[in-house]
Structure formats: structure tokens, C-alpha cells
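The values are calculated or read from the model by the stated rules, or taken from the named source; none is laboratory data. Note that this is a predicted model, so its numbers are computed, not measured. Cβ: placed from backbone, ideal geometry, glycine included. Neighbour counts: every protein chain shown. Remember, those area values only see protein heavy atoms, side chains included, never the ligands or the DNA or RNA. Shrake-Rupley method; radii C 1.70, N 1.55, O 1.52, S 1.80 Å.
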Amino acid sequence: MRPNLNKIYLNNQFDIGGCTTEIIVLQPNSQIVDSIYLVELLRTEKINKQIVNLIKGAALPRVNINDLLEMEIPLPNLELQTKISREIIKKRQELEELYKKIKLIPEEIDDLYSCSYAS
């Protein structure tokens, strides 16, 4: 509903389903576009700014599907898209591991104080 929030979801679990008309569903041709590449590209700041510029309506901001489909996006050959996608997946996994470590830090700090109380 609000494109400026940059909510992009890759559905790789369901073949059929339904959603509200506020959501634009894209089904890329796998012979031309790597779906992970497309999702990550749509999440980039540069492309998101282009999408936000397409918003119409103040009370209920929307992007017209035809306007979205007319956007020009960088689309290298499929082999390069796949290579980029694999690298992005690795980076997202690294990021997830770092988030896990970050979440543990407050607990580790508390443990340090717990040791000092035991003395």
C-alpha cells in the first residue's frame, strides 16, 4: 500500500494464493530474469526512488502496475544475474549471522555482571 516502505517479498513457497489489490504481484520469466536478482534490485535505494516517484494518490498512495512495468531496470545476462544473486545470498547469510551475534551481546554483558555478584 505504501511503496515508500520498500516492502518486497519473494514468494518461493506457494504456487497459488491470493492477496489484496494493494499488492502488485510480479511473475518474472525465469528464462530472462533471476527472481532473486529482481527482488534485490527492486529493494535498492536507486530503484526504490524511481518507484516512489511513480506514486499517485495522497490518502491511499499507489503505484500503477503499467507505470511499474514501463520502468527501465539494469538487466544483465542471466548468467551474471545468477552470479550476483548467489553473492547477495551469501551477504544476507553473513548479515543474519551478525544479527544473531549482536542479539547475544546484551546477554553476555549481563553474564559479566552476574559473575561480579557471585564474588
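Among the residues making up segment 42-62, those that are modelled with pLDDT of 90 or more and open to solvent by 90 Å² or more (accessible area, probe 1.4 Å) are E45, K46, K49, N53. For segment 63-74, the set of residues classified as part of a loop (DSSP other than H, G, I, E, B) and loosely packed, with under 10 Cβ neighbours inside 10 Å consists of E72 only. For I105, the test of being out of contact with any strand residue (DSSP E or B) (no Cβ under 8 Å at 6 or more places or on another chain) and without any contact (Cβ under 8 Å) to a residue 40 or more places away in the chain is passed. Condition first: touching a residue at least 40 places away in the same chain (Cβ under 8 Å) and either in contact with a Lys or Arg (Cβ under 6 Å, 6 or more places away or on another chain) or not in a helix (DSSP H, G or I) (or both). Now tell me which residues in segment 75-102 satisfy that. If the condition is that a residue be touching a residue at least 40 places away in the same chain (Cβ under 8 Å) and either in contact with a Lys or Arg (Cβ under 6 Å, 6 or more places away or on another chain) or not in a helix (DSSP H, G or I) (or both), then L75 is the only one that fits. Which one is surrounded by the fewest Cβ atoms within 10 Å (Cβ to Cβ), of the residues in segment 75-103 that are under 17 Å from the mean Cα position of the chain (by Cα) and closer than 12 Å to L38 by Cα? Per the criteria, the residue is T82.
Residues that are assigned to a loop (DSSP other than H, G, I, E, B) and of a type in the set (D, E) were ranked within segment 1-59; the one that is nearest to L75 (Cα to Cα) is D34. With respect to Y37, is the statement that it is aromatic (F, W, Y), loosely packed, with under 13 Cβ neighbours inside 10 Å and under 27 Å from L5 (Cα atoms) true? No. Just one of (1) out of contact with any helix residue (DSSP H, G or I) (no Cβ under 6 Å at 6 or more places or on another chain); (2) under 23 Å from K91 (Cα atoms) fails for E40. It is (1). Of all residue pairs spaced 6 or more apart or on separate chains, those with beta-carbon atoms under 8 Å, a first member in segment 12-26 that is more than 16 Å from D67 (Cβ to Cβ) and a second member that is modelled with pLDDT of 80 or more and open to solvent by less than 80 Å² (accessible area, probe 1.4 Å) are N12/S35; G17/N11. Residue count for segment 63-82, restricted to those that are within 18 Å of N6 (Cβ to Cβ) and either at pLDDT below 85 or among the aliphatic types (A, V, I, L, M) (or both): 5.
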